[in-house]
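What follows draws every value from the coordinates through simple rules; no lab data is involved. As the structure is a computational prediction, the values presented were derived from the model and not from experiment. We place every Cβ from the backbone using ideal geometry, glycine too, and count neighbours over all the protein chains shown.
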Amino acid sequence: MKEQCRSGGPSHCMRILVLSVNYWPEATGIGALCTRRCEYLASRGHQVTVCTTFPYYPEWRVAEEYRNQIWSREIQNHVVVLRSWAWIPKRPNSIKRIVFEASFLACNAIRAAYAAKPDLLIAVSPPLGLAVTAGLLSRRWSVPYVYDVMDLQPDAAIDLGMLKPGMATRALYSLERMAYEKAALISTLTEGMRDRIISKPVPSGKVTLFPAPADRDLFLVQRNTEGKSFRSAHGLAGSFLVVHSGNIGVKQGLDVVLGAAELSRDHPDIVFLLVGDGAMRSHLEASAKARKLSNVRFLPVQSQQQFPQLLAAADVALITQQRSVANILFPSKTVSLMAAGCPIIASVNKQSEVARVVEESGAGIVIEPEDPASLFQTVASLKEHRELTMMSEAGRRYARTYWDEDLTFPRMEAELMKIANKVETSSSSDVSLNSVRVQSQAVVPE
């Protein structure tokens, strides 16, 4: 179906139905990235509808204004948002997550089935089960679907010890194979994740990269200058501020921060600031209190206005992951931190995506994961030797070169238009699948 798009958009509009458990107003993780992509496509004139649940992440608590609802319909920046109920556990664990996902998938499938027929479906994983909904709707409407892999869920569950090999994991891998087989295109964030998908095995020509874009406003953050008001408001003036911002969950392995803080007792000017929420926050707060760690502070998720001030205030930003995390995920905050010029200490597996990016860019230092002594020593060294300016400039330069949204979003749009048959041949688009892949390898060199 050919439609005239709004001024400035492509000559052929797509009607896109996106299935995602996370969406606006969630400000971190998958929800924030999915929102930016959808709003870009809508700004280009495409008709975008998102089927999701009520916002709950990372607090694992439904936002107050959305409570006690079963269905809702909103329009946000030209994107139609269709929400359906899901059971949200207060303290998620493996079993509760399964129940949560099952409730979401059931209600979301009903909601999506009553949406208007699109030209293209996009299923954002996790949860892996959205591939079933996408497959059924794809068959019903005879339209292709794109399987967008933000997190290799079965691999993550096993690598992190959340599930043991057995019947359940075999079922997950069978579902994953079906998802890859039925999808017209598989997209993911980094070349390492792409390699892992291809090893399943999946034809390499079927897997492309949609890297997380850098928010162009973060390039404008004035480090230190803009951070003064944040420091003053929170009583942090004069501190050497080491910041973790984002999800406080199992994968992050943030016990390493408390261990480093304990070793920092004789350095009262070093303050560790954990900003955000998640499944492990209450555990970490209780542990910090029991250990009397006065140099560890906790703050909630920051607003869109406060977030740049937080990054400007940080002397060093942390990216921490459990040792078992390698090519199964890539935290999008890596892009945000580098765009804002935050020097990074990456306490991660040295074979991971984050380690490769930080080392390649020169944006920070990679240390052994789950090693409090190494983290403390690196913080103390950076405080004394002040290599921070070079790291800041290197990270920002890398982000501007490879993750500018003026590069990443048009490539994504071109790929989606080809899958939806909105362009006749690859030559009618500015970007072919191969050129997307070649250029994206520079985005996250693996």
Quiz item: From the phi of every residue in the range 253-270, what ³J(HN,Hα) in whole Hz does the Karplus formula 6.51 cos²θ - 1.76 cosθ + 1.60 yield, where θ is phi - 60° and glycine or proline is x?
Solution: x, 7, 4, 4, 5, 5, x, 5, 5, 5, 6, 9, 4, 7, 10, x, 7, 8
Quiz item: So who's got an amide H within less than 5 Å of the one on S187, skipping anything under 5 residues away but keeping other chains? H placed 1.01 Å off N, in plane.
Solution: Y147, D148, V149, T208
Self-check item: Amide hydrogen neighbours beyond the local backbone of I16, cut-off 5 Å, H modeled
Solution: Q47, V48, T49, D119
Quiz prompt | Calculated on alpha-carbon atoms, Rg and Dmax of the range 216-401 in Å | solution = 14.9, 45
Quiz item: Based on the Kirkwood radius over alpha-carbon pairs, what value in µm²/s does the Stokes-Einstein equation return for the translational diffusion coefficient of the range 274-326 at 25 °C and 0.890 mPa s?
Solution: 189 µm²/s
Quiz item: For the range 367-383, in order, what is each residue's ³J(HN,Hα) by Karplus, 6.51 cos²θ - 1.76 cosθ + 1.60 with θ = phi - 60°, in whole Hz (x at glycine and Pro)?
Solution: 10, 4, x, 6, 10, x, 5, 5, 5, 4, 4, 5, 4, 4, 5, 5, 5
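Quick check: residue separation of Q377 and S72 times 0.36 nm, minus the Cα distance between them. What number comes out in nm? Please list the in-between numbers first.
On the way: separation 305, 0.36 × 305 = 109.80 nm, distance 5.06 nm.
Result: 104.7 nm gained on full extension.
Report the calculated FRET efficiency for S232 and A102 (r = Cβ-Cβ distance, R0 = 56 Å), to the nearest 0.05. Don't jump to the answer; show the numbers that get you there.
Details: r = 47 Å, r/R0 = 0.84.
For S232 and A102, the calculated efficiency is 0.75.
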Practice problem: Evaluate the distance, in nm, between pseudo-label points positioned 7 Å from the Cα of A168 and of Q351 along their respective Cα→Cβ axes. | Solution: 2.5 nm
Practice problem: Report the extension gain between K289 and Q305 in nm, rounded to one decimal, defined as 0.36 nm multiplied by the number of residues separating them, less their alpha carbon distance. | Solution: 2.8 nm
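How high is the relative contact order of the chain, in percent, with contacts defined as C-alpha pairs under 8 Å that are six or more residues apart? Spell out each step's value before the answer.
On the way: 879 pairs, mean separation 63.6, N = 446.
Taking the mean separation of contacting Cα pairs over the length of the chain, I get 14 percent.
When the chain is fully extended, how far beyond the present Cα-Cα distance does R400 get from R177, taking 0.36 nm per residue of separation? Write down the numbers at each step before the final one.
Working: separation 223, 0.36 × 223 = 80.28 nm, distance 3.57 nm.
The R400-R177 span can extend by a further 76.7 nm.
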Self-check item: Amide H contacts of G364 (H built 1.01 Å from N, under 5 Å, at least 5 apart or other chain)
Solution: I344
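What relative contact order, as a whole-number percentage, does the range 230-329 give when Cα pairs under 8 Å and 6 or more residues apart are counted?
Values: 136 pairs, mean separation 39.8, N = 100.
Value for the range 230-329: 40 percent.
With Rg and the Kirkwood Rh both taken from Cα atoms, where does Rg over Rh land for the chain?
Values: Rg = 21.5 Å, Rh = 22.5 Å.
Checking Rg against Rh, the ratio lands at 0.96.
List the relative contact order of the range 251-405 as a percent without decimals, with contacts defined as Cα pairs under 8 Å and 6+ residues apart. Don't skip to the answer; put the middle values down first.
Working: 243 pairs, mean separation 37.8, N = 155.
Computed value for the range 251-405: 24 percent relative contact order.
Could you give me D for the range 1-137, from Stokes-Einstein at 37 °C and 0.692 mPa s, where the hydrodynamic radius is the Kirkwood radius over C-alpha pairs? Units µm² s⁻¹, please. Intermediate results must be reported in sequence, preceding the final value.
Numbers: Rh = 15.3 Å.
The calculation lands on 215 µm²/s.
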